[in-house]
Amino acid sequence: MSTPSLIDVLDTAYRLDLSDEEWLKALTSAARPYLGGDLGVIGYIFDSEQSPIIHPDEIAFDGPSHGALFSVEGVRASMQSPTVALLKKTHCAMLSDSVNASPAARDFYWAHLAPADALGVVGSNPTGRGICLSSIFGARQSPSVSRRECLVRVATHLAAALRLRDALASVAADPLNDAEVILGVDGRTLHLGDTPHNGRLEALHSSVLAIEKARGPLRSRDTFQALELWQGLVDGQWSIIDVVDHDGKRFYVAHANTHTLPAPRGLSPSERGVLAYVALGHSDKFIAYELGITRSTVSNHVVSIRRKLGLRTRVEIIRLAQAFGPSADAPPSNVASWLHQFEFCGESLAALTTNSNPGVLSMLSNTEREITAYILEGLSNAQIATRRGTSVRTVANQVARIFEKRGVRCRAELAAMDRSKSSHSLAGLGYEP
């Protein structure tokens with residue numbers, strides 16, 4: 001019998017041939033040999049944006065029962081406690097580590113678990129939907145640093161696999177359907193879909209070879225190195241899954257697997273991907289693993305996000321992103337003071353303002369003031385040219401000078417500056433799906 005490895009959990013996580021119930025049960029069974037848990041393993045899917053957080057059909061148990069926790073009611077109670085609410089914000093944590101977080105957390109621990117303990121591996125997506133595998137022990141535990149490092153990488157794949165299952169629910173019966181790229185086990189490209197790949201095929205080729213190596217003898221010999229090779233995504237865009245066709249031939253299939261959260265206008269797709277995980281409080285190192293890009297690339301994206309949005313710190317990035325998260329009906333008070341929301345040309349926009357030096361804003365000429373008024377009415381360059389009896393090119397040049405003098409990049413930013421009624425310069429604008 002082969003030695004249990006966390007790679008077994010990854011293999012199971014990316015199986016699309018199982019129903020959700022079968023998949024969750026298979027995951028708990030695959031995880032138990034490595035996670036331990038002499039009292040069993042609980043697996044459940046949660047959605048922090050829904051009520052109830054857990055659906056009774058999305059819970060699985062593996063191992064002997066242990067009191068109230070090994071029941072639908074017990075799991076729901078634990079998820080509503082501050083103790084497990086803390087686990088949702090981490091990738092790997094012991095329940096006993098957080099018993100002093102609050103009186104309610106301490107009460108739950110002593111009422112349902114003590115002197116037992118629980119090791120939670122939590123894969124959370126920016127949408128609030130995630131999956132937790134929790135192993136229950138008869139006594140308090142203290143996992144080693146290396147063990148935790150392995151488990152946080154597993155958490156990344158749990159989140160990615162759940163997101164992929166949700167996205168491909170309509171084609172789960174045949175994962176070859178709608179595949180963007182199909183590759184052989186040697187990394188050769190066998191099929192290309194209609195989506196432009198912009199030279200990223202080399203990244204897919206390298207990832208297939210890395211996954212093949214991770215799934216080989218290395219899976220038992222050096223689990224951490226195997227997990228390092230098998231990163232969360234490929235180039236921030238794809239998940240690669242192993243597929244066996246009807247003739248028994250193996251393929252690797254690449255499917256797009258990015259999140260769909262709102263993001264500020266002006267950010268590139270890569271920057272939007274990084275922003276989603278910065279909002280969760282993840283480090284640059286961990287985001288690099290989640291997206292399958294280098295740590296320096298993540299750092300460069302964070303710097304670019306700050307520059308484009310006019311933000312000074314990572315905390316400000318997190319505040320802004322969370323203000324427009326899946327459950328944000330209105331910006332929190334710590335964001336509302338520098339976030340301006342308004343309507344412009346029939347579109348709902350939000351503008352971020354930061355203090356600037358008024359001396360850098362040159363005075364507009366009379367003509368530029370007139371054109372600014374037309375812009376604020378929502379007129380196009382052609383309409384302004386007709387009203388003023390001049391050419392569209394002349395108006396375009398004048399608009400460009402207005403933008404330069406006012407320190408903005410587009411009409412909507414100019415409108416936001418006018419509506420903010422302050423001497424602030426606009427740092428970032430609008431959110432789009």
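Every read-out reported here was derived from the displayed coordinates using simple, explicitly stated rules and does not represent laboratory data. In this text, all values refer to a predicted model and were calculated from it rather than measured experimentally. Neighbour counts are summed over all protein chains in view; Cβ atoms, including those assigned to glycine, are modelled from backbone coordinates with ideal geometry.
Worth pointing out:
- When the alpha carbon gyration tensor of the range 172-256 is reduced to an equivalent ellipsoid, its three semi-axes come out at 21, 16, 11 angstrom, largest first.
- Packing-based exposure ordering (other Cβ within 10 Å, fewest first) of 62, 178: 178, 62
- Relative exposure of 306, 219, 312, judged by other C-beta atoms within 10 Å (fewest first): 312, 306, 219
- Residues listed by number, the range 219-251, amide nitrogen under 18 Å from residue 22 label point at 7 Å toward C-beta: 242-248
- For residue 40, residues with placed amide H under 5 Å, excluding near neighbours: 136
- For the range 1-61, the list of GluC sites (Glu not before Pro) that fall in a loop by DSSP and count at most 10 other C-beta atoms within 10 angstrom is empty.
- Spacing of the two label points (7 Å from each Cα toward its C-beta) at residue 206 and residue 299, in nm: 1.8
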